[in-house]
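Derivation of every value follows stated rules applied to the coordinates shown; laboratory data play no part. This structure is a prediction, so every number in the text was calculated from the model and none was measured. Counting neighbours? That spans all protein chains shown, and the Cβs are built from the backbone with ideal geometry, glycine included.
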Amino acid sequence: MVLHLDMDYFFAQVEERENPRFKGVPLVVGADPKKGKGRGVVSTCNYEARKFGIHSGMAISKAYEACPEAIYLPVNMELYSRVSENIFRIIEKVSEKYEKVSLDEAYIDLSGLAENYKQAERIGCDLKKLIFKKEKLTCSVGIGENKMIAKIASEEDKPDGLKVVKAGDALKFISQKSIREIPGIGPKTEKKLEIILEKSGLKIKDLRAISKKQLVDVLGKRGEEIYKNVRGEDDSEIDLKTKTKSIGKEITFDQDTLDPEKIISTFKNLSQRVAGMAKTEERPIKTVVVTCRFENFNTYSRQVSFKPRKPTKGLIYKKGAKLLLKLLAKKLKPVRLLGIRVIFDESDKE
Ligand code: TTP
Ligand code: MG
Ligand code: MG
């Protein structure tokens, strides 16, 4: 079983949360409309703006034409990335077996977590509640026997939806949907299929009339997948996130140096930056690796492991500096490059 989660009107909803006066009125996030003369496109908009026909990817000038009185905001990617990180932290609490599709979208593998659709629904409901409690944002969840069904299901009751499609109901569920709801069928594929069937506005059930051979002749290998998809089947696997194994940073001096103050202050600075990056992983580290390249390009690495601990600047610097000083004392050559890397503890993995 697979759960698909997608945040509702993501960028715009985050902006509404940050500034409640944007709620209930048309809100567009994207390029500056410059009173209708603006270039660029709409990133997304809230549901009030969608009533005017505004949608992602539309020219911002067209959006302005449709609704000049809407509120137009620039894209604040830094903010949305931060919120996205928080959401994925919450998802991780439910399961580490997930695929991040985009900032606002993920598949979660429910095998091993849910034995039946009732349990799966409970997980979906709890996840929605948790995200709302922590982030004050709504999302839509779809549950199905495979990725495709889960994705189409999550679209079903947007916004704030939760739709479960049991295996036995999948075929009926997708039959009346537009073929464009099959992930990967875009306008070009749609056109080709319309030509085969000499009909427009194709529904998924219509495609079941096309033989596998015909689909493959027209669409190549993708035809085989579509042949399965229109029958509710989907073999695509959840692309599990591989955890970051280590984080590091290095710096090359403008000039090779033997100045202890310069070396130490640079090393402190590096430790601080690595600690900052490592903290966002919220996992303990178990090893610190120091790299030093000398003027002749000879490069040496030294590492020390310890009981897993929080990646604080103090810890990283203390462990790293010891290694570095030993190395410097031995080589006594001007330094060209300094690097420090921390390796995360993975003993918490199943
Ligand atoms: P989507 O999940 O496709 O859309 P959405 O979350 O805005 O709306 P919905 O409720 O229908 O899910 O995309 C997620 C974010 O990605 C969206 O908020 C803005 C960004 N985005 C773009 O910048 N350009 C685009 O063309 C699309 C589709 C999305
Ligand atoms: Mg979304
Ligand atoms: Mg999305």
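Which value in nm describes the separation of the simple spin-label points at Phe132 and Ser265, placed 7 Å from the Cα toward the beta carbon?
5.4 nm
In what sequence, highest mean first, do 81-88, 22-29 appear when ranked by Cβ atoms within 10 angstrom? List each step's numbers first, then the result.
Values: 81-88: 16.4, 22-29: 19.9.
The peptides rank, most packed first, as 22-29, 81-88.
Can you tell me the relative contact order of the stretch 30-155? Whole percent, Cα pairs under 8 Å, sequence separation 6 or more. Please report the intermediate quantities before stating the final value.
Numbers: 141 pairs, mean separation 18.6, N = 126.
Normalised by residue count, the contact order of the stretch 30-155 is 15 percent.
When the distances between all Cα atoms of the stretch 69-126 are binned every 10 Å from zero, what whole-number percent does each bin get?
19, 41, 23, 12, 4, 0
Based on a Kirkwood Rh over C-alpha pairs, give the Stokes-Einstein translational diffusion coefficient of the stretch 74-201 at 25 °C and viscosity 0.890 mPa s in µm²/s. Mind dumping the intermediate values first?
Working: Rh = 16.2 Å.
Rounded, D is 152 µm²/s.
Please give the contour-minus-distance gain from Met77 to Lys245: 0.36 nm per residue of separation, less the Cα-Cα distance, rounded to one decimal in nm. Please report the intermediate quantities before stating the final value.
Working: separation 168, 0.36 × 168 = 60.48 nm, distance 2.57 nm.
Between Met77 and Lys245, full extension yields 57.9 nm more.
Under 18 Å from a point 7 Å along the Cα-to-Cβ line of Lys191: which residues of the stretch 209-240 have their amide N that close?
218-220
Against the globular-protein guess of 2.2 N^0.38 Å, express the Cα radius of gyration of the stretch 246-344 as a ratio, rounded to two decimals.
1.02
With each pseudo-label sitting 7 Å past Cα toward Cβ, what's the Lys212-Val41 distance in nm, one decimal?
Inter-label distance under the simple model: 3.6 nm.
Enumerate by residue number the GluC sites (Glu not before Pro) in the stretch 266-331 meeting two conditions: DSSP loop (anything except H, G, I, E, B), and at most 12 other Cβ atoms within 10 Å of the site's Cβ. Mind showing how you got there, number by number?
Values: sites: Glu281, Glu282, Glu295; in loops: Glu281, Glu282, Glu295.
Qualifying residues, ordered by number: Glu282.
Applying 1/(1 + (r/R0)^6) with R0 = 41 Å to the Cβ-Cβ distance of Glu181 and Arg21, what FRET efficiency is obtained, to the nearest 0.05? Can you show the working numbers first?
On the way: r = 35 Å, r/R0 = 0.85.
That gives a FRET efficiency of 0.75.
Expressed as a rounded percentage, what relative contact order does the chain have, with Cα pairs under 8 Å and six or more residues apart? Spell out each step's value before the answer.
Values: 610 pairs, mean separation 47.4, N = 350.
14 percent.
At Lys279 and Ser111, where each label point lies 7 Å from the Cα along Cα→Cβ, what is the point-to-point distance in nanometres?
Output for this residue pair reads 3.9 nm.
Work out, step by step, the length gained on full extension between Lys333 and Ser236: first 0.36 nm times the residue separation, then minus their alpha carbon distance; give nm to one decimal. Display every interim value, and only then the final one.
Numbers: separation 97, 0.36 × 97 = 34.92 nm, distance 5.44 nm.
Length gained between Lys333 and Ser236: 29.5 nm.
So what is the 222 nm mean residue ellipticity for the chain from helices alone, if each DSSP H run of at least 4 adds -39500 (n - 2.57) and you divide by all residues, rounding to the nearest 500 deg cm²/dmol? The partial results should precede the final answer.
Working: 13 runs with 144 residues, N = 350.
Helices in the chain give a 222 nm mean residue ellipticity of -12500 deg cm²/dmol.
How large is the direction-averaged shadow of the alpha-carbon convex hull of the stretch 1-114, in nm²?
Working: hull surface 30.9 nm².
Projected area, direction-averaged: 7.7 nm².
From the C-alpha coordinates alone, can you work out the Kirkwood hydrodynamic radius of the stretch 178-229, in Å? Let's see the in-between values first.
Working: mean 1/r = 0.0936 Å⁻¹.
Taking the inverse mean of 1/r over all distinct Cα pairs, the stretch 178-229 comes out at 10.7 Å.
GluC sites (Glu not before Pro) within the stretch 1-69: which are DSSP loop residues with at most 13 other Cβ atoms inside 10 Å? Before the final figure, lay out each step's value.
On the way: sites: Glu15, Glu16, Glu18, Glu48, Glu65, Glu69; in loops: Glu69.
Taking the stretch 1-69 and a limit of 13 other Cβ atoms within 10 Å, the loop GluC sites (Glu not before Pro) found are Glu69.
Report the relative contact order of the stretch 246-344, percent, no decimals, based on alpha-carbon pairs under 8 angstrom and at least 6 residues apart. Intermediate results must be reported in sequence, preceding the final value.
Values: 178 pairs, mean separation 46.8, N = 99.
Worked out over the stretch 246-344, it gives 47 percent.
Can you give the extra length, in nm with one decimal, that the chain gains between Ser200 and Asp256 once fully stretched, where that is 0.36 nm per residue apart less the Cα-Cα distance? Walk me through the intermediate numbers first.
Details: separation 56, 0.36 × 56 = 20.16 nm, distance 6.89 nm.
Result: 13.3 nm gained on full extension.
Tell me, Leu323, Leu113 in order of fewest to most beta-carbon neighbours within 10 Å?
On the way: Leu323 20, Leu113 15.
Going from sparsest to densest Cβ surroundings: Leu113, Leu323.
Report the FRET efficiency, 1/(1 + (r/R0)^6), for Lys326 and Val101, where r is their Cβ-Cβ distance and R0 is 45 Å, rounded to 0.05. Before the final figure, lay out the partial values.
Details: r = 46 Å, r/R0 = 1.02.
Step by step, r from the Cβ atoms, then E = 0.45.
Could you list Met77, Met7, Met58 in order of exposure, starting from the residue whose Cβ has the fewest other Cβ atoms within 10 Å? Can you show the working numbers first?
On the way: Met77 12, Met7 24, Met58 16.
Lowest to highest Cβ neighbour count: Met77, Met58, Met7.
Write down the Kirkwood hydrodynamic radius of the chain, to one decimal in angstroms, obtained as one divided by the mean of 1/r over all alpha carbon pairs. Write down the numbers at each step before the final one.
Working: mean 1/r = 0.0416 Å⁻¹.
Across the chain, the inverse of the average 1/r is 24.0 Å.
Could you tell me, in Å, what Rg and Dmax come out for the Cα atoms of the stretch 10-76?
10.3, 29
Mind checking the stretch 145-228 for GluC sites (Glu not before Pro) that DSSP puts in a loop (not H, G, I, E or B) and that have at most 15 other Cβ atoms within 10 Å?
Details: sites: Glu145, Glu155, Glu156, Glu181, Glu190, Glu194, Glu198, Glu224, Glu225; in loops: Glu145, Glu198.
When the GluC sites (Glu not before Pro) of the stretch 145-228 are filtered for loop state and at most 15 Cβ neighbours within 10 Å, Glu198 remain.
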